[in-house]
Every structure is written in C-alpha cells, then in structure tokens.
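Here's the structure we're looking at; comments come further down.
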Amino acid sequence: MNTSVVSPGRAGLILLLTGQMLPLIDTSITNVALDSITQSLHTSPTQLELIVALYGVAFAVCLALGSKLGDNFGRRRLFMWGVAAFGVASLLCGIAGTVEQLLAARVLQGAGAALIVPQILATLHVTLKGTAHAKAISLFGGIGGIAFIVGQMGGGWLVSADIAGLGWRNAFFINVPICLVVLALSRYYVPETRRETPSRIDWPGTALLAAILCCLLFPMALGAELHWPWFLQLALIAVIPLGLWMRTSALQKQQRGEHPLLPPRLLKLTSIRFGMLIALLFFSAWSGFMFCMALTMQSGLGMAPWQSGNSFIALGVAYFVSAWYAPKLIARHSMGRILLTGLTIQIAGLLLLMATFWRFGQANTALTLAPATILIGYGQALIVNSFYRIGMRDISSCDAGAGSAILSTLQQATLGLGPAVLGTLFLMLERHNGGHYPQAMIGFLGIEVLMMLTLGGVALWLRRQLNAGPLPAAS
C-alpha cells in the first residue's frame, strides 16, 4: 500500500517518461559512438564489448535493489537519486581520458539507470487508474522505439558534428542538461509514493548475483583475447558453486518468511522459467545484434556515425508502431500466438538481412538495409510485449514485485552479456573471414536465426498452455 495516490498529471508523466528514455537513448548513442571511441582511446574490440556489457550488468545487478529502495524510502526520491547518479556518470564518461576511466563511469551509469527505471512503472501503476493508466502503460511500452530513433539519429549527429572538437564525448555530455531539468522539476510534478511496510533488502543475494554475473561476463569477454588463462577458467567454473550458494541462501530465507532477491518458489513456475528462456535467447541476441551491426556498419562498411545511426531509423519506427498496437493484438489473440508471430517476423527479417549482406556486401546503405530491419523491429516489439505478460501470468498480486524484479533482472543481465558473448563470437568470425565484416555478419545472423528457432520450438511445445489456462507449475 502507498501513502499517496496523487496523479502525476501530464507534466509528471512527461518527466517520468523522460527519465525512462535516458538509459534507453544512452544504449543507442553508445553503439553509434563505438568507432569514434576506438580512434580516440585506442580501444581493443574486447574493451568495446565491455563498454556496452558492463553498463548492462551493473543495471541488472542493481535493478531489484533499486526497486526495493524505492518501495522503502520513496519512489520519487530514488528516481531523483538515480537521475543525479546517471548525470554525474555521463559527465565522467565524457571527460574520461582512458578506457579504464570510461569503463568505471559506465558501471556508475548502469547503477544510476537501475535506480531510475523501477520507480517509473511502479509510480504509474499506483497513481493512475482506468483509461489514464492504460494510456500511460502504452506510452511506457512504446517509448523504446522513440528512444531508439532519437539515440541513433541524435547520437550519430552529435558524434559527426564534432561540436567544440569533443566528438563522441558529446554523446555523453548531452545527458547532463537533461538530467538537470528532470531533477529541477520532479520535486514539483512527480508524486511521492512508497510502501507502508518496508521490506528487508537481500544484500547477500545481491552480492552473489553480482559475483555470478561478473564470473560469466569477464571470462566470456576476455577469454579469447587472453587465450583463456587459468584464472578466467576458474572464474567460469565458480559460477556453479556460487549459483548453488545463492539458491541455498534463498531457500533458507524463504523458510524463515523473509524475501530473497530471487524467490525459489517463483522460479518453480513454468511461466517464469519460460520467461527466463525468452530473456536468455532473445535479449542476448538483441543486444549482440545491435553491437555487431554497429561495428559492421562503421568499421566494416565505412559509414560515418550519422549514417550508421540513420540506418536504424526504419527499425525504430517499426518497433514503435508494433509496440503501440501490440497490447490491442494481445487482447484479441492469445499470448502464444503473438509471441510466435513476433518470432516468425523476426526470423524472416534476419534471413532477409542475411540475403541483403550477401547481395550488396560493402555497398550496403540505409536504404538497402531498411526492408530487413523493418521486419526485425516489428517482430522485436511483439516478442518484448509478450515477455512480461507470459512471465507474469501465474504470479499472484502479492508476488508481483518479486516476479517483475526476476524478469527485469534477467532481461538486463542478458542485454549486458549479449555483446560480451555474441560479440566475441562475431569477432572470431570476422577474423576467420579475413576482416570481411559482411561475410562475418552473415554467419552471425545464421546463429541468431538458430537461437530464435529454438525459442520458437519451445513456444510451440508450450502453445496449448500459452493459449489457454495457466501454465503448469514445474516439479
């Protein structure tokens, strides 16, 4: 229960959605700026992977923590703290003189984003009802497409314009004035809400999750370049005992009536497990795709940052249109059908993109890529909209926060791991093909098609449960 049910109003809604756009735009801008960062800081391909991946992992590790802190200490307060941290981190990214400084600032940026995002959906959920609530949630779901377009176009223009000779640094500096405006106005227009009964934070669970993700991320990102030294092999093996330790600790907390970070009883639900599979296969493929496409267009095809950014406009527009209409489609049809439709369109887009790279190679432009990326963007939005609805369908109202935290954490973790794991695989293909990026991209897209086919096969197997009735609990 919340101490306030005051509506945020139009101004408050704009501020909350602007806060949501900050981390989303930043992801797109960073991808556009990768080649310029390489030239400025002399980064290796592995360091580029880490610039993207560390942000996602910090976001994932702190997400559930940010949600709990907002419930306990006030969602507006944590929203503002997150915006402040994100703004400071953006400034530090812009003034970074070495890749190590940039990586540290990216971790802080991810942590700031994790404080921002949970407060937005929670505030909308508890302060709006009826038609106003439905419209706000539609905007919340569709704004990813807008953020994507703004990030790609704006980031490409900022880097190419080279204002004051700052180049890629402007892609981070632009966040600072936006954060200042949001901070200045939020106290007046965003209502404060919190739980009446604070819940205890699972600090050991948060620390173990961070350790597990780091033991996965760093070996996957650095292993090939460092020729798999013993300490990276040991870190990868350590994931197993750390996972068992986290599970045992969570079971003990659950038996004592406490609230672990990832409640084991919820992890037994088939709906949650299927949601985890969607996160593992789809979101890692998505983030890996965006990273590898950015490298291909700038390093492989020789596009300027603004040209690379413009090449994704069609994808962003298709994503926004699809996300806007997806809730209506899901209301008319089953979630299973919408998910399978999204996967079919996505696979068709990936196959068409493979054919495009085969046909045009180094001569590809934003125009030749548009038909395939339109299909990819439209299918992606249908899959994303199905993700939370399927994952949450068997979760009771009292477990809504915990269930949402599980899915959001997994989503962000896989978004962070995608560039590290799939990016490494792509770079291996690029070296195997003698530095020919289009040929490497064809092989990489083939792997992504297999990942989507695997997800589609599992969805078909569960189709009866997805289409009607609750999913059965796993034993």
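Taking the criterion of being modelled with pLDDT of 85 or more and open to solvent by 30 Å² or more (accessible area, probe 1.4 Å), the only residue of the stretch 48-68 that qualifies is C62.
Against the test of being over 20 Å from the mean Cα position of the chain (by Cα) and closer than 30 Å to S44 by Cα, the options V88, V126 yield a single qualifying residue, V88. Within the option set P204, P191, being in contact with a Pro (Cβ under 6 Å, 6 or more places away or on another chain), over 26 Å from F444 (Cβ atoms) and open to solvent by 10 Å² or more (accessible area, probe 1.4 Å) holds for one residue only, P191.
Of the residues that sit in the stretch 12-47 and are small (G, A, S) and in a helix (DSSP H, G or I), which one is surrounded by the fewest Cβ atoms within 10 Å (Cβ to Cβ)? It would help to see each step written out before you state the result.
Step one: filter the stretch 12-47 for residues small (G, A, S), giving 12, 19, 28, 33, 36, 40, 44.
Still in the running and in a helix (DSSP H, G or I): 12, 19, 28, 33, 36, 40.
Working: G12: 21, G19: 25, S28: 26, A33: 28, S36: 19, S40: 17.
Filtering the stretch 12-47 for residues that are small (G, A, S) and in a helix (DSSP H, G or I), the one surrounded by the fewest Cβ atoms within 10 Å (Cβ to Cβ) comes out as S40.
So, I240, is that one β-branched (V, I, T), part of a helix (DSSP H, G or I), in contact (Cβ under 8 Å) with a residue 12 or more places away in the chain and more than 29 Å from V126 (Cβ to Cβ) or not? No. For T123, are the conditions met, namely being open to solvent by less than 40 Å² (accessible area, probe 1.4 Å), within 19 Å of P23 (Cβ to Cβ) and either at pLDDT 80 or above or assigned to a helix (DSSP H, G or I) (or both)? For T123, the condition - open to solvent by less than 40 Å² (accessible area, probe 1.4 Å), within 19 Å of P23 (Cβ to Cβ) and either at pLDDT 80 or above or assigned to a helix (DSSP H, G or I) (or both) - is met. Among the residues of this structure, G97 counts as one that is in contact with a Leu (Cβ under 9 Å, 6 or more places away or on another chain), modelled with pLDDT of 80 or more and not in a helix (DSSP H, G or I). One residue stands out among those in the stretch 379-390 that are over 16 Å from the mean Cα position of the chain (by Cα) and surrounded by 24 or more Cβ atoms within 10 Å (Cβ to Cβ): the one that is farthest from A279 (Cα to Cα), which is G379.
Based on what the data block shows, is G435 open to solvent by 30 Å² or more (accessible area, probe 1.4 Å) and under 20 Å from A348 (Cβ atoms)? Here the answer is no, as G435 does not meet what is asked.
Working only within the stretch 164-183, note down all residues that are open to solvent by 60 Å² or more (accessible area, probe 1.4 Å), at pLDDT 85 or above and not in a loop (DSSP other than H, G, I, E, B). Correct list: P177, I178, L180, V181. Considering only residues that are part of a helix (DSSP H, G or I), under 19 Å from the mean Cα position of the chain (by Cα) and not β-branched (V, I, T), which ones fall in the stretch 308-323? Across the stretch 308-323, the qualifying residues are G309, L315, G316, A318, Y319, F320, S322, A323. C215 meets each of the listed conditions (1) in contact (Cβ under 8 Å) with a residue 60 or more places away in the chain; (2) more than 22 Å from G87 (Cβ to Cβ); (3) surrounded by 19 or more Cβ atoms within 10 Å (Cβ to Cβ) apart from (1).
Give the residue, chosen from L267, L367, L329, that is closer than 17 Å to Q152 by Cβ, open to solvent by 30 Å² or more (accessible area, probe 1.4 Å), out of contact with any strand residue (DSSP E or B) (no Cβ under 7 Å at 6 or more places or on another chain) and not polar (S, T, N, Q).
L367
Candidates M276, M297, M303, M290: the one that is open to solvent by 50 Å² or more (accessible area, probe 1.4 Å), at pLDDT below 90 and of a type in the set (A, V, I, L, M) is M276.
The values are calculated or read from the model by the stated rules, or taken from the named source; none is laboratory data. Keep in mind the model is a prediction, meaning the values are calculated, not measured. With ideal geometry, Cβ positions are generated from the backbone for all residues, glycine too; neighbour counts draw on all protein chains shown. Ligands, DNA and RNA are stripped out before the accessible areas are found, and what is left, the full protein with its side chains, is counted by its heavy atoms. Shrake-Rupley method; radii C 1.70, N 1.55, O 1.52, S 1.80 Å.
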